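Participant: Would you mind keeping the following structure in view while I ask a few things?
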Amino acid sequence: MNNSSAPLIEVRNLVVEYASRGGAMRAVNDVSFTVLPGECIGFIGPNGAGKSTTMKVLLGFMFPKSGSVKLFNREPGATEARRRLGYLPEVTLYYPFMKAKELLFLYGGLQGMTRTQLKVRIPKLLEEVGLAGRGDTLLKNFSKGMQQRVGIAQAIIADPELLILDELSSGLDPVGRHDLRDVMLELKKAGRTIFFSSHELSEVETLCDRVIMINKGRVVLESPVAELMKPLNLFEIDFEQDGQPQTRSVSGAEKFNATLAEIISSGGRVIGTRTATRSLEDYFIEIIRGHEGSGR
Ligand code: ADP
């Protein structure tokens, strides 16, 4: 029997550099994390943080300068690791004159599936990703959002144990995002492990168990998603003090109660309270500033 709680992804002190004119450019700087079976991890951070680079190393497309990466306890790029993995790249470039169905036959075949299996699997898969009946459409006639759906179909075709998705909902409109979230939730329910990068707070909130935030190649925060959301959910209190309307924003139930008490005891009159959510981008900036301020 396999040890079922052994990490599916294990990254240790990863350092990755790109060659640049002025010397080496360090894109990932001493990153370590693990992903356990069944976990759904949001890999978040501003543009240029090093997310795609880390993912390319996980896939075996790039080699680290130092540190180690294991997938299924194997080297990235090992045939067995590839077989058990589905990947959605940040930019999906497919042959424009290929039909969606043909592309899926190609990728399914590369994953070791037979034509007979694929004949059953592909129509179901197209339906699942919201492309029912579009199998014969040429990829060049698909919008960016539809191409992203094909990309997701390609990633999950062989029902992999582990999914690595770079910019999951890129190019999708709100309906597309909603559909995709349902697909991901089904995969999660079925016990699949998902590691994805995203800019969408609501996506991170609904799908993830845990988030790993990076900035300038370093992990700046690793936390259960519920912890991440706490400071993001704000309470706004509208009140009147000395005849002047005012608003205060606080995060967390404790602070909310304390602030209400403070307003009332100092003679204010509470008019109403609201909840509001800050954007993930605002939160990145706050965490990153705090981190840089601490001198690391
Ligand atoms: P993210 O996915 O978080 O947006 P990336 O991993 O794409 O970040 O990029 C990390 C850093 O590496 C950035 O500073 C980016 O400019 C640089 N970088 C990415 N790809 C290359 C490349 N092919 N050559 C040189 N520098 C690169």
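Participant: Among the residues of the range 187-207, how many are modelled with pLDDT of 90 or more and either open to solvent by 10 Å² or more (accessible area, probe 1.4 Å) or of a type in the set (Ser, Thr, Tyr) (or both)? Break it down into steps so the answer makes sense when it comes.
Facilitator: Within the range 187-207, the subset modelled with pLDDT of 90 or more is 187-197, 207.
The next check asks that each one be either open to solvent by 10 Å² or more (accessible area, probe 1.4 Å) or of a type in the set (Ser, Thr, Tyr) (or both); those that pass are 187-193, 197.
Within the range 187-207, residues that are modelled with pLDDT of 90 or more and either open to solvent by 10 Å² or more (accessible area, probe 1.4 Å) or of a type in the set (Ser, Thr, Tyr) (or both) number 8.
Participant: Please enumerate the residues belonging to the range 223-251 that are within 23 Å of Arg181 (Cβ to Cβ) and assigned to a strand (DSSP E or B).
Facilitator: Correct list: Ser223, Pro224, Asn233.
Participant: Could you look through the range 13-24, keep only residues that are near the ligand (Cβ under 10 Å from one of its atoms) and modelled with pLDDT of 95 or more, and pick out the one that is most open to solvent (accessible area, probe 1.4 Å)?
Facilitator: In this case the residue turns out to be Tyr18.
Participant: Among the numbered criteria (1) within 30 Å of Arg269 (Cα to Cα); (2) at pLDDT 90 or above; (3) touching a Lys or Arg at 6+ places or on another chain (Cβ under 8 Å), which single criterion is violated by Gly243?
Facilitator: Answer for Gly243: the failing condition is (3).
Here's the yes/no breakdown for (1) out of contact with any His (no Cβ under 9 Å at 6 or more places or on another chain); (2) closer than 21 Å to Pro174 by Cβ:
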{"residue": "Arg192", "(1), (2)": "yes, no"}
{"residue": "Phe195", "(1), (2)": "yes, no"}
{"residue": "Ile214", "(1), (2)": "yes, no"}
{"residue": "Val220", "(1), (2)": "no, no"}
{"residue": "Met229", "(1), (2)": "yes, yes"}
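Participant: Any idea which of Val270, Val219 is assigned to a strand (DSSP E or B) and either surrounded by 17 or more Cβ atoms within 10 Å (Cβ to Cβ) or charged (D, E, K, R) (or both)?
Facilitator: Of the residues listed, the single one that is assigned to a strand (DSSP E or B) and either surrounded by 17 or more Cβ atoms within 10 Å (Cβ to Cβ) or charged (D, E, K, R) (or both) is Val219.
Participant: OK, next. Under the condition of being more than 27 Å from the chain's Cα centre (by Cα) and among the hydrophobic types (A, V, I, L, M, F, W, C), which residue from the range 114-151 is farthest from Ser170 (Cα to Cα)?
Facilitator: Val120
Participant: Looking only at helices (runs of 4 or more DSSP H) that fall completely inside the range 34-115, which ones have 2 or more residues that are within 16 Å of the ligand (Cβ to nearest atom)?
Facilitator: Values: elements: 51-59, 79-83, 100-110.
The qualifying helices (runs of 4 or more DSSP H) are 51-59.
Participant: Now for a separate question. I need every pair where a residue in the range 61-88 that is under 22 Å from Leu104 (Cα atoms) has its Cβ under 8 Å from the Cβ of a residue that is polar (S, T, N, Q) and open to solvent by 40 Å² or more (accessible area, probe 1.4 Å), sequence separation at least 6 or different chains.
Facilitator: Arg83/Gln111
The values are calculated or read from the model by the stated rules, or taken from the named source; none is laboratory data. Because the structure is predicted, anything quoted here is derived from the model rather than measured. Here Cβ is always computed from backbone atoms with ideal geometry, including for glycine, and neighbour counts include all displayed protein chains. These area figures cover heavy atoms from the full protein model, side chains too; ligands, DNA and RNA do not enter into them. Shrake-Rupley method; radii C 1.70, N 1.55, O 1.52, S 1.80 Å.
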